[in-house]
Amino acid sequence: RLICGSLAPHHELEEALAEFKKTQAALVFSSGYASALGTICALVGKEDIVILDKLGHASLIDAARLSGAKLRVFAHNDLDDLESILKWAASKPTEHTWLAGKRPRVLIVTESAFSMDGDCAPLRELVGLKEKYGAWLMIDEAHTTGICGTKGCGYAEECSVGDQIEIQMGTLGKALGASGGYICGSRVLIDYLINRARSFVFSTAPVPASAAAALAAFRFVQSTAGEERRDSLWQRVESAKSFCNPGERRGCSAILPILIGDENAALQAAQFFREQNIFIPAIRYPTVAKGQARLRLTLTASHTNDDLAQLRDVFLKLKLKLGNSDAPHEQARPT
Ligand SMILES: *Cc1c(COP(=O)(O)O)cnc(C)c1O
């Protein structure tokens, strides 16, 4: 796109995205993965520090590693742990003599909703911490764009912190049903990425058709029909939670993990559902930690009440089959 091939559908999509996310500007990449890689590597280098949530997506981990920055991981959603790393980072002098006296840049990277647990990051508190320590914050909204917040704007908007997060990332390939990834933020950030994000500069732009598809998806998401679809999605989620995650506070995603623990037991449980015409993938190591295998139930707006009733029946049968009165979800959750 820097040489030629920056076409009207790309610009229209970026303008719509910036308006949707209420940021000054937006940039579209060929995928969410490429967005993370290009952005983190453009913003930090080996003098800098990236602090990543333990359960961050592979694209964020790979990007942090490739950037050459020092990588520190904080326990999942653990603000005390994050703060202790921020304190360490603030006290750390840069090693390079020509940067003497300058503090390293510190970038906190996390997700709005986590893809394997379906839980949400404490965004307001994260914003408080990054302000306190002068760090930047990058949020990956892959699982919340289109389904949370006013008109599906996302979780940062739902928590009223959208304008305080430096880098908002997401994919066009999940709720939006197209493909590609995006970064939303200040005009300065986007201008910088246009010239420095290598996965943007040195890779073919999304095909115009997929940019146009994503634009149509954004329009749909913000329409009354989009609102109705979100309502029915959240109804499905609440109804599934009532039997497979009771007590779980309202989350921000349509992902409901059913913790099993043992890898083989998770595979057998998935097979059991499959035999009853329900597809729920088993997620095992290395996607999640050893011994924390689970079924990853994902609801969509197009599931029907009958689907939910059937799911409930099979879920109860599975509990009987597992032969214990404890529901699988009542086993210890990962910390
Ligand atoms: C799917 C996903 C991505 C990658 O997005 P793609 O567009 O598929 O490359 C990044 N982050 C998270 C949290 C994801 O779930």
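Computed quantities for the displayed model
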quantity	calculated
Placed amide H near VAL73: partners under 5 Å, 5+ positions off or other chain	LEU52
Share, in percent, of DSSP beta bridges within region 3-160 that are antiparallel, nearest 5	5
Formal net charge of residues neighbouring LYS290 (Cβ-Cβ distance under 12 Å; K, R +1; D, E -1)	-1
DSSP bridge orientation in the chain - percent antiparallel, rounded to nearest 5	50
Amide hydrogen neighbours beyond the local backbone of GLY170, cut-off 5 Å, H modeled	GLU141, TYR182
Relative counts (whole %) of C-alpha pair distances in region 1-141, using bins that are 10 Å wide	11, 37, 34, 16, 3
Whole-number D in µm² s⁻¹ for the chain, Kirkwood Cα-pair radius fed into Stokes-Einstein, 25 °C, 0.890 mPa s	117
Proximal lysines relative to LYS290, as straight alpha-carbon distance under 28 Å, when same-chain residues fewer than 8 apart are discounted	LYS54, LYS70, LYS174, LYS241, LYS317, LYS319, LYS321
Kirkwood estimate for region 280-325, i.e. one over the average of 1/r between Cα atoms, Å	12.4
³J(HN,Hα), Karplus 6.51/-1.76/1.60, whole Hz, each residue of region 303-316, x for Gly, Pro	5, 9, 4, 4, 4, 5, 5, 5, 4, 4, 4, 5, 4, 5
Karplus-derived 3J(HN,Hα), 6.51/-1.76/1.60, for each residue of region 225-236, Hz, glycine and proline x	4, x, 4, 4, 5, 5, 4, 6, 4, 5, 4, 4
Estimated vicinal HN-Hα couplings, Hz - region 54-66 in sequence order (Karplus 6.51, -1.76, 1.60; Gly, Pro = x)	4, 9, x, 5, 3, 4, 6, 5, 4, 5, 4, 5, 5
Diffusion coefficient, µm² s⁻¹, Stokes-Einstein with Kirkwood Rh over alpha-carbon pairs of region 218-275 at 20 °C and 1.002 mPa s	157
Whole-Å semi-axes of the ellipsoid equivalent to region 1-84 (Cα gyration tensor, √5λ, descending)	30, 16, 11
Tail fraction, Cα-Cα pairs, region 150-289, threshold 22 Å, whole percent	59
Alpha-carbon Rg/Rh ratio, for region 91-186, with Rh computed the Kirkwood way	1.07
Expected 222 nm ellipticity per residue - DSSP helices of 4 or more, -39500 (n - 2.57), all of the chain, to 500	-13000 deg cm²/dmol
Choice from TRP136, TRP234, TRP88 with maximal GNM fluctuation in the chain (Cα, 10 Å cutoff)	TRP88
Förster-model FRET efficiency, 56 Å R0, THR304 and LYS102, C-beta, rounded to 0.05	0.45
For TRP136, residues with placed amide H under 5 Å, excluding near neighbours	VAL106, LEU107, ILE108
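Every read-out reported here was derived from the displayed coordinates using simple, explicitly stated rules and does not represent laboratory data. Keep in mind that what you see is a predicted model, and the values were worked out from it rather than measured. Cβ atoms come from the backbone with ideal geometry, glycine included; neighbour counts cover every protein chain shown.
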